[in-house]
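We did not get these values from a lab; they are worked out from the coordinates using the rules stated. All of these numbers come straight from a predicted model, not from anything done at the bench. Cβ atoms come from the backbone with ideal geometry, glycine included; neighbour counts cover every protein chain shown.
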Ligand code: ZN
């Protein structure tokens, strides 16, 4: 298991971590014996998510706008009485906390337009993402 540390700068944002995940898989395949397997990318936080989608500026804004529309502010969420960030948790619920990517010939089998994003829902914060590579 390897760790990616992320320092987020906004309250909500998408951060492309594809390059970092690819680098980890490459390192694990140094000896060339990682032909087939899976890579799990997992966020350790309850107010962030991991998704796979296209890294296009307009789409990234659309995704954040969509989340804002889906989960509006001030709906009387009970958790807001505790630490006033129920919205952030609910966005994380919708996004999910991990993705699994098959590995073939020692590399991620991402499609042409697929990128791996860490999604900040309650920033700015220091975050940790775990990357586990399992050989088949
Ligand atoms: Zn909370």
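What the table below lists for this structure:
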| quantity | calculated |
| --- | --- |
| Kirkwood Rh, angstrom, the chain [1 / mean 1/r, Cα pairs] | 15.7 |
| Gyration tensor verdict on the range 64-136 (Cα atoms; rounded if a/c is under 1.5, prolate if a/b is larger than b/c, oblate otherwise) | prolate |
| Sites residue 81 and residue 125, calculated FRET efficiency, Cβ-Cβ separation with R0 30 Å, nearest 0.05 | 0.90 |
